[in-house]
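So the structure is just underneath, and the comments pick up after that.
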Amino acid sequence: MDLERTTNRIVRQRNRSALLSKLFLEGPLTRQDLARFTGLSQPAVSNVVGDLIGAGLVVEAGAVESDGGRPSMMLRVAPRYALVAGVDVGETRIRVELFDLAMTMLASADYPLDAAGPEPATVVRHILAGLDAVTARAGAARSEILGVGIGVSGVVVQGGEALVHAQTLGWHGVPLERLIRAEVDLPVHIDNGAKTLGQAEMWFGAGRGSRHAVFALVGSGVGAAVVTNGVMYRGVSSSAGEWGHTTLVYDGRACRCGARGCLEAYVGAEGIIDRYREARRGHAVPGADEESQLNALIEAADRSATARRVLAETAGYLGAGVANLINLFNPERVVLGGWAGVALGAHLLPAIREAAAGQALHQPYEQATIELGQLGVDAVALGAATLPVARLLAAGGIRN
């Protein structure tokens, strides 16, 4: 009898998870849609939907006309059932955003960081301040927040608690999750920023509909998220995707990681700005920070042969890096994101595609498309906010 009850509970949770996930990602949908998409019987769908409505997780979203008979009622995940916070811990700034379960941003807060790289205590302080700021601006209570998701530079080793190894920041096994949990009585989920960007683009942006995709994040640093058959590839300790530290030029430019010739040393924002400074014979690049300096380079290309040459070289390096991704992973889609990737891609995407075509094997290149991310600079924080949502969906709406 206990085994039967346990089996029934597991089946019911799986059914709740399947229906809730479908509504979250593709709703509003009718009960008939849910039965067709999940393969569950109509009575099973009605029973589970009734439970979810009773729990406040699902609400009706209006009627849709049918071909005779009663109109069907559309259903959706209740936007204010809970709120989720997403944090983008970048190398130049920390962005904290608050969302409802329709993933509508309710409030945001930004905290610039020193160019030298942040100490863990500084990051924690900004995250805490950001959580206070966004809840106050949204008129929300802390108790409404389902959890906090954080996307951070570097390798995030999952286990009993998340440890961050960010070699370029001088972080070695930083217990960031423990440091935040000591100050916040909320579930905390931490992952690499490229992976949270990939999650966001898979669910809501340029990756929708694909099963095999690579999401390239180009900012101050460079990383990638690899999705194969719909699942994020992580490797042994979740360090898979350190694309920026693959070798582009043997014994080439010094990289912040300590090696030489890394892709990041050529196409990361810091590397691009350094190359532009060298091309200007050491003259400073205009701008107070990396973002303004990269924008100054892009704007100067209209009138400066030097700027045009640096951007053309950057497109070539990026194209070669993308070609490596295509040759290694045979994706159907490569998505270029990150604040620097979006800024560069808006001007250089055709040149990046041309360079990739010249370096990649013809057959896998012809199977792939190279696109810009659709979610802009908020993609990392948005993806981070989906971490507690994914946990809720997998649990069938049961809050832990």
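Kindly indicate whether Leu169 is of a type outside the set (Gly, Ala, Ser), in contact with a strand residue (DSSP E or B) (Cβ under 6 Å, 6 or more places away or on another chain) and surrounded by 15 or more Cβ atoms within 10 Å (Cβ to Cβ).
On the way: of a type outside the set (Gly, Ala, Ser): yes; in contact with a strand residue (DSSP E or B) (Cβ under 6 Å, 6 or more places away or on another chain): no; surrounded by 15 or more Cβ atoms within 10 Å (Cβ to Cβ): yes.
Considered against the rule, which asks whether it is of a type outside the set (Gly, Ala, Ser), in contact with a strand residue (DSSP E or B) (Cβ under 6 Å, 6 or more places away or on another chain) and surrounded by 15 or more Cβ atoms within 10 Å (Cβ to Cβ), Leu169 comes out as no.
Could you give every pair whose Cβ atoms fall below 8 Å, whose first residue belongs to the range 38-54 and is on the phi > 0 side of the Ramachandran plot and assigned to a helix (DSSP H, G or I), and whose second residue is open to solvent by 50 Å² or more (accessible area, probe 1.4 Å) and of a type in the set (Asp, Glu), counting only separations of at least 6 or pairs across chains?
Cβ pairs passing all conditions: none.
Looking only at residues in the range 15-33 that are open to solvent by 20 Å² or more (accessible area, probe 1.4 Å) and among the aliphatic types (A, V, I, L, M), which one is farthest from Ala82 (Cα to Cα)?
The selected residue is Ala18.
For the range 148-162, what are the residues that are without any contact (Cβ under 8 Å) to a residue 60 or more places away in the chain and buried (at least 21 other Cβ atoms within 10 Å of the Cβ)?
Quick first cut of the range 148-162, residues without any contact (Cβ under 8 Å) to a residue 60 or more places away in the chain only: 154, 159-162.
Within the range 148-162, Gly154, Ala162 meet the criteria.
Condition test on Ala300, is it farther than 26 Å from Val89 by Cα and under 26 Å from the mean Cα position of the chain (by Cα)?
No: the conditions fail for Ala300.
Check whether at least one residue in the range 345-366 is outside any loop (DSSP other than H, G, I, E, B), over 16 Å from Leu248 (Cβ atoms) and of a type in the set (Val, Ile, Thr), and report yes or no.
Scanning the range 345-366 turns up no residue that is outside any loop (DSSP other than H, G, I, E, B), over 16 Å from Leu248 (Cβ atoms) and of a type in the set (Val, Ile, Thr).
Does Ala213 fit the bill of being modelled with pLDDT of 95 or more, of a type outside the set (Asp, Glu) and more than 17 Å from Asn330 (Cβ to Cβ)?
When the stated conditions are applied, Ala213 does not pass them.
Which numbered condition in (1) open to solvent by less than 10 Å² (accessible area, probe 1.4 Å); (2) under 28 Å from Ile398 (Cβ atoms); (3) within 13 Å of the chain's Cα centre (by Cα) is the only one that Ala194 fails?
Unmet for Ala194, out of (1) open to solvent by less than 10 Å² (accessible area, probe 1.4 Å); (2) under 28 Å from Ile398 (Cβ atoms); (3) within 13 Å of the chain's Cα centre (by Cα): (2).
Can you find, within the range 329-344, the residue that is farthest from Glu242 (Cα to Cα) among those that are assigned to a helix (DSSP H, G or I) and touching a residue at least 60 places away in the same chain (Cβ under 8 Å)?
Leu344
Condition check ((1) surrounded by 17 or more Cβ atoms within 10 Å (Cβ to Cβ); (2) within 29 Å of the chain's Cα centre (by Cα); (3) at pLDDT below 90) across all residues:
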{"residue": "Ala35", "(1), (2), (3)": "yes, no, no"}
{"residue": "Asn47", "(1), (2), (3)": "no, no, no"}
{"residue": "Gly90", "(1), (2), (3)": "yes, yes, yes"}
{"residue": "Leu101", "(1), (2), (3)": "yes, yes, no"}
{"residue": "Ser108", "(1), (2), (3)": "yes, yes, no"}
{"residue": "Val134", "(1), (2), (3)": "yes, yes, no"}
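Determine which single condition Thr306 fails, assuming it passes every other condition in (1) over 21 Å from the mean Cα position of the chain (by Cα); (2) under 30 Å from Ile145 (Cα atoms).
(2)
Six or more apart or on different chains, Cβ atoms under 7 Å: show the pairs whose first residue is in the range 116-143 and on the phi < 0 side of the Ramachandran plot and whose second is open to solvent by 70 Å² or more (accessible area, probe 1.4 Å) and not in a helix (DSSP H, G or I).
Listed pairs, sorted by first residue: Val124/Glu183; Leu128/Glu183.
Scan the range 115-125 and tell me whether some residue there is more than 25 Å from Ala216 (Cα to Cα) and under 19 Å from the mean Cα position of the chain (by Cα).
Scanning the range 115-125 turns up no residue that is more than 25 Å from Ala216 (Cα to Cα) and under 19 Å from the mean Cα position of the chain (by Cα).
Checking the structure you have, find out if any residue of the range 72-86 is surrounded by fewer than 17 Cβ atoms within 10 Å (Cβ to Cβ), basic (Lys, Arg) and out of contact with any helix residue (DSSP H, G or I) (no Cβ under 9 Å at 6 or more places or on another chain).
Here is the first cut: in the range 72-86, the ones surrounded by fewer than 17 Cβ atoms within 10 Å (Cβ to Cβ) are 72-73, 79-80.
Still in the list and also basic (Lys, Arg): 80.
Checking the rest, the ones that are also out of contact with any helix residue (DSSP H, G or I) (no Cβ under 9 Å at 6 or more places or on another chain) come to none.
Within the range 72-86, not a single residue is surrounded by fewer than 17 Cβ atoms within 10 Å (Cβ to Cβ), basic (Lys, Arg) and out of contact with any helix residue (DSSP H, G or I) (no Cβ under 9 Å at 6 or more places or on another chain).
Say we look at the range 353-381 and pick out the residues that are over 22 Å from the mean Cα position of the chain (by Cα) and open to solvent by less than 30 Å² (accessible area, probe 1.4 Å); which of these is nearest to Thr314 (Cα to Cα)?
Taking the range 353-381 first, the residues over 22 Å from the mean Cα position of the chain (by Cα) are 353-367.
Subset that is open to solvent by less than 30 Å² (accessible area, probe 1.4 Å): 355-356, 360, 364.
Working: Ala355: 10, Ala356: 12, Ala360: 17, Pro364: 23 Å.
Residue satisfying both the conditions and the ranking: Ala355.
Here is a list: Arg256, Arg281, Arg277. Which entry is without any contact (Cβ under 8 Å) to a residue 24 or more places away in the chain, buried (at least 16 other Cβ atoms within 10 Å of the Cβ) and over 18 Å from Gly337 (Cβ atoms)?
Details: Arg256 fails: without any contact (Cβ under 8 Å) to a residue 24 or more places away in the chain; Arg281 fails: buried (at least 16 other Cβ atoms within 10 Å of the Cβ).
Unique residue meeting the criteria: Arg277.
With the structure loaded, tell me whether Gly396 is part of a loop (DSSP other than H, G, I, E, B) and either among the acidic types (Asp, Glu) or in contact with a helix residue (DSSP H, G or I) (Cβ under 7 Å, 6 or more places away or on another chain) (or both) or whether it fails that test. First the steps, then the outcome.
On the way: part of a loop (DSSP other than H, G, I, E, B): yes; either among the acidic types (Asp, Glu) or in contact with a helix residue (DSSP H, G or I) (Cβ under 7 Å, 6 or more places away or on another chain) (or both): yes.
Yes.
Of the numbered conditions (1) surrounded by fewer than 16 Cβ atoms within 10 Å (Cβ to Cβ); (2) under 30 Å from Gly209 (Cβ atoms), Val322 fails exactly one; give the number of that condition.
All conditions are met except number (1).
Among the residues of the range 129-148, are any closer than 14 Å to Glu91 by Cα and touching a strand residue (DSSP E or B) at 6+ places or on another chain (Cβ under 8 Å)? Show your work before the answer.
At the first step, the residues of the range 129-148 found to be closer than 14 Å to Glu91 by Cα are none.
Looking for residues that are closer than 14 Å to Glu91 by Cα and touching a strand residue (DSSP E or B) at 6+ places or on another chain (Cβ under 8 Å), one finds none in the range 129-148, hence no.
Could you tell me whether Arg125 is under 27 Å from Ser292 (Cα atoms), among the basic types (Lys, Arg) and open to solvent by 50 Å² or more (accessible area, probe 1.4 Å)? I'd like the intermediate steps shown before the answer.
Values: under 27 Å from Ser292 (Cα atoms): yes; among the basic types (Lys, Arg): yes; open to solvent by 50 Å² or more (accessible area, probe 1.4 Å): yes.
So Arg125 passes the test.
The values are calculated or read from the model by the stated rules, or taken from the named source; none is laboratory data. Source: prediction; values computed, not measured. As a convention, Cβ positions derive from the backbone with ideal geometry for all residues, glycine included, and neighbour counts pool all protein chains shown. We work out accessible area using only protein heavy atoms, side chains counted, and drop any ligands, DNA or RNA first. Shrake-Rupley method; radii C 1.70, N 1.55, O 1.52, S 1.80 Å.
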